[in-house]
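Worksheet: the structure to be examined is printed underneath.
The values are calculated or read from the model by the stated rules, or taken from the named source; none is laboratory data. What you are looking at is a predicted structure, and each value in this text was computed from that prediction instead of being measured. Cβ atoms come from the backbone with ideal geometry, glycine included; neighbour counts cover every protein chain shown.
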Amino acid sequence: MTLINKRLVLAARPSGLIKNSDFRMEEAKVPDIQDGEFLVKTKYLSLAPVMKFYMLDGAGIEKPLQLGETMRGRGVGEVIDSRHPDFQKGDFVGGKFGWQEYVVSKGTAYDMMYKFDVEGLSPSTALGVLGVTGFTSYFGLYHVGALKENENILVSSAAGGVGSSLGFLSKIKSGKVVGLTSTNEKKKLLTEKLGYDFAINYKIENISEQLDKYFPEGIDVYFDNVGGEILDLALSKLRRYARVVCCGRISTYKDSLKTQEYQLKNWHKVGSNRAKMEGFFIYDFEAQFAEAKKEMIGWIKEGRLKYQEDILQGLEKMPEALNRLFEGKNIGKQLVKVN
Ligand SMILES: NC(=O)c1ccc[n+]([C@@H]2O[C@H](COP(=O)([O-])OP(=O)(O)OC[C@H]3O[C@@H](n4cnc5c(N)ncnc54)[C@H](OP(=O)(O)O)[C@@H]3O)[C@@H](O)[C@H]2O)c1
């Protein structure tokens, strides 16, 4: 049977919010696989803020994406044909799929294909709570943030992919956790469903006053997903020996790589509080992913860790789904179900 692959290629570098016209849908016959290759049918694709950098041609950690190339991104799916010794028909795999319905892979190191078992949970979790997103929460908080008992934690973009696990992960090991978000709907969700003790709507509330109220002795761990002004304010409220986890900085992911960075005014508070600010790249922890996953599956089964996914349907929804991250529309991990 002839299979037709649909894929979205980069048609234009974005300016402002992402437009459908920044991509072009192309169709082509799925090639017959050769020795050493396998064919995967995509089930879910993941969305991440860093993708805007791919479109701008400068993620730093990846090779530049050229106009006309398949948009880069991670996915999960099922192997439907194989002439590769390590991947069999019926295996569920995750890896660098690109924005397309079928993927032919040789299983190279670049493709980062791996088999997974989500133990009865949806395969989507391999891109969310049991994938890179969840591991970012786990290693960011426990290893980089070095969370200790009875500490007080502040999280920005608390209702996002990484943030939506951090309420639960904080409570599993420590004390009070407060989340920042942009709407009252998400604020309610944080305290009612996502394990946060308190939440702040940073668009309409006085953040400084709210931080003084919730952190009278200062913040022990600030998990920073947004950078910019919110990071600056959090620095001004650090407690002695605090840790700032520099995970992401979506507020500064502007339209051009040349846009000037926000200049922090309160960085001196790191020194005066003998605090630490530490960045990390989640793949530095790759050797420990399996161990973290095992622990997290245990917590999910015990009901101590819940997860939130925001799923659109259809490959053509990928541009809209990516935009949702920058518009603050996603609630939990943003995904697209492709097949
Ligand atoms: N270090 C690593 O290895 C690593 C790995 C994975 C991800 N990351 C980073 O971790 C962060 C979270 O990733 P994610 O995939 O879970 O994304 P995410 O938090 O779901 O990102 C989307 C959310 O960001 C918030 N946002 C958007 N524009 C903003 C702005 N101008 N100012 C403040 N907040 C804004 C919105 O939440 P509100 O509406 O609540 O503001 C939005 O819903 C990202 O910055 C990402 O780049 C780092």
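At-a-glance table
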| read-out | value |
| --- | --- |
| Residue among Thr252, Thr191, Thr181 that is at pLDDT 95 or above, within 15 Å of the ligand (Cβ to nearest atom) and under 18 Å from the mean Cα position of the chain (by Cα) | Thr181 |
| Any strands (runs of 3 or more DSSP E) falling wholly within region 149-261 and containing at least 3 residues that are surrounded by 24 or more Cβ atoms within 10 Å (Cβ to Cβ) | 153-155, 177-181, 219-224, 238-246 |
| Selected residue [within 15 Å of the ligand (Cβ to nearest atom) and closer than 23 Å to Lys148 by Cβ] from Val270, Val244 | Val244 |
| Qualifying position, being on the phi < 0 side of the Ramachandran plot and either outside any helix (DSSP H, G or I) or within 16 Å of the ligand (Cβ to nearest atom) (or both), among Ile300, Ile311 | Ile311 |
| Any chance Tyr222 is touching a residue at least 24 places away in the same chain (Cβ under 8 Å), within 16 Å of the ligand (Cβ to nearest atom) and among the aromatic types (Phe, Trp, Tyr) | yes |
| Qualifying residue in region 1-9 (condition: in a loop (DSSP other than H, G, I, E, B), free of Cβ contacts under 8 Å to residues at least 40 places away in the same chain and among the aliphatic types (A, V, I, L, M)) | yes |
| Within region 68-130, strands (runs of 3 or more DSSP E) holding 3 or more residues that are outside the structural domain of Leu166 (by TED's automatic domain parsing) and either over 20 Å from the mean Cα position of the chain (by Cα) or modelled with pLDDT under 95 (or both) | 74-82, 102-105 |
| Hits in region 314-334 - residues which are assigned to a helix (DSSP H, G or I), within 13 Å of the ligand (Cβ to nearest atom) and not aromatic (Phe, Trp, Tyr) | Ala321, Leu322, Asn323, Arg324, Leu325, Glu327 |
